[in-house]
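The values are calculated or read from the model by the stated rules, or taken from the named source; none is laboratory data. Please read these numbers as outputs of a predicted model, since none were measured by experiment. Heads up, the Cβs are rebuilt from the backbone with ideal geometry, glycines too, and the neighbour counts pull from every protein chain shown. Just so you know, the surface numbers come from the protein's heavy atoms only, side chains and all, with ligands and any DNA or RNA stripped out. Shrake-Rupley method; radii C 1.70, N 1.55, O 1.52, S 1.80 Å.
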Amino acid sequence: AADCVCNAGFYGGGEGGCEVCPLNSFCAGAPVEVVEVSFSVLLPITEAQFNETVELRYVTEIAESLGVPVENVAIVSVTVVEGGIVIETEVSVTPSGDEDAEDVVSKLEDVDLSWLPTGESESEGGEPPRAVIQNVTTTVTEVIAKQECPEHSQSPPGSTSAADCVCNAGFYGGGEGGCEVCPLNSFCAGAPVEVVEVSFSVLLPITEAQFNETVELRYVTEIAESLGVPVENVAIVSVTVVEGGIVIETEVSVTPSGDEDAEDVVSKLEDVDLSWLPTGESESEGGEPPRAVIQNVTTTVTEVIAKQECPEHSQSPPGSTSAADCVCN
């Protein structure tokens with residue numbers, strides 16, 4: 001059963017089965033390692049002293065030391081023994097980065113339980129009796145994790161990616177970029193619109209030195225005007241020197257208008273005029289200067305919440321959700 005991996009839109013796995021990805025989360029279907037840590041803690045207190053307040057602080061201390069939510073810590077049993085009580089505890093941990101099970105266990109050394117109401121006088125060494133963590137075991141399994149949508153966004157059950165997280169009304173953006181509060185003099189209705197992310201490379205027959213700030217600004221402006229977007233929607237990802245010139249990896253975020261789609265957006269790249277570039281070359285035999293070559297064009301379509309400007313001569317406070325919030329000056 002450990003080889004059974006949940007489908008996208010579900011989380012869990014193995015013998016525990018798969019559950020539908022809950023509201024306001026997404027489950028991408030990519031397995032992650034989860035370390036199940038079991039251990040017993042000998043506390044030098046009575047069962048009566050282990051009340052709800054002490055239990056909550058105990059669970060919180062374990063959770064904070066291992067870097068997990070409180071709900072990931074489970075008390076399996078509490079047993080009275082000579083000298084105190086033994087608490088059998090289980091914790092589910094998803095290691096971060098290059099951490100492994102040993103790194104998770106090492107964090108148990110940081111658990112501070114010295115605050116416990118031991119009801120004992122200090123020992124001969126001047127220290128109160130300490131809690132003892134023992135019988136530590138770990139089990140590593142691969143499961144499909146669920147991830148929470150970014151703040152101020154929501155998703156339906158069964159969502160498979162961050163792109164399914166849609167901003168709440170009064171916010172804009174969405175997906176992995178998160179949601180921002182709708183700015184002054186705008187409104188964000190919470191209705192998604194399609195955004196086309198266009199990536200492409202441009203082979204320019206110029207040197208890296210010739211691609212100075214002035215040329216870069218005009219390049220970005222030409223791309224922006226051809227695709228009908230603000231200059232800030234055009235990002236130069238990298239500039240690489242190759243034989244015959246430089247290659248500029250470029251990304252542009254476009255919100256199509258009307259019935260336009262990704263193909264219509266890409267077709268606009270044919271209108272980009274880069275013939276003004278300082279090629280440093282004489283005209284070719286045909287009398288034309290070397291031309292820029294746009295290639296490797298890819299598109300990704302996502303749904304985001306757009307912000308809309310208030311009508312002219314009106315204003316609205318941040319976080320507005322409709323045109324009705326725009327009040328005439």
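Go through (1) in a strand (DSSP E or B); (2) under 20 Å from residue 299 (Cα atoms); (3) open to solvent by 20 Å² or more (accessible area, probe 1.4 Å) and name the single condition residue 180 misses.
Here residue 180 clears every test but (2).
Which one is farthest from residue 299 (Cα to Cα) among residues in segment 207-228 that are under 32 Å from the mean Cα position of the chain (by Cα) and open to solvent by less than 20 Å² (accessible area, probe 1.4 Å)?
219
Just wondering, is there one or more residues in segment 254-267 that are exposed (fewer than 13 other Cβ atoms within 10 Å of the Cβ) and either assigned to a helix (DSSP H, G or I) or touching a Lys or Arg at 6+ places or on another chain (Cβ under 8 Å) (or both)?
For segment 254-267, residues exposed (fewer than 13 other Cβ atoms within 10 Å of the Cβ) and either assigned to a helix (DSSP H, G or I) or touching a Lys or Arg at 6+ places or on another chain (Cβ under 8 Å) (or both): present.
Select from segment 152-203 the residues that are aliphatic (A, V, I, L, M) and closer than 16 Å to residue 255 by Cβ and list them in ascending order.
To start, the set of residues in segment 152-203 that are aliphatic (A, V, I, L, M) comprises 162-163, 166, 169, 181, 184, 189, 191, 193, 195-196, 198, 202-203.
Passing the criteria: 163, 166, 189, 191, 193, 195, 196, 198.
Does segment 190-207 contain any residue that is without any contact (Cβ under 8 Å) to a residue 60 or more places away in the chain and either closer than 15 Å to residue 295 by Cβ or assigned to a loop (DSSP other than H, G, I, E, B) (or both)? Steps first, answer last, please.
Of the residues in segment 190-207, the ones without any contact (Cβ under 8 Å) to a residue 60 or more places away in the chain are none.
No, that holds for no residue.
State all residues of segment 38-94 that are over 30 Å from the mean Cα position of the chain (by Cα), closer than 13 Å to residue 133 by Cβ and among the hydrophobic types (A, V, I, L, M, F, W, C); if no residue qualifies, say none.
Scanning segment 38-94 gives 39, 41, 42, 43, 86, 87.
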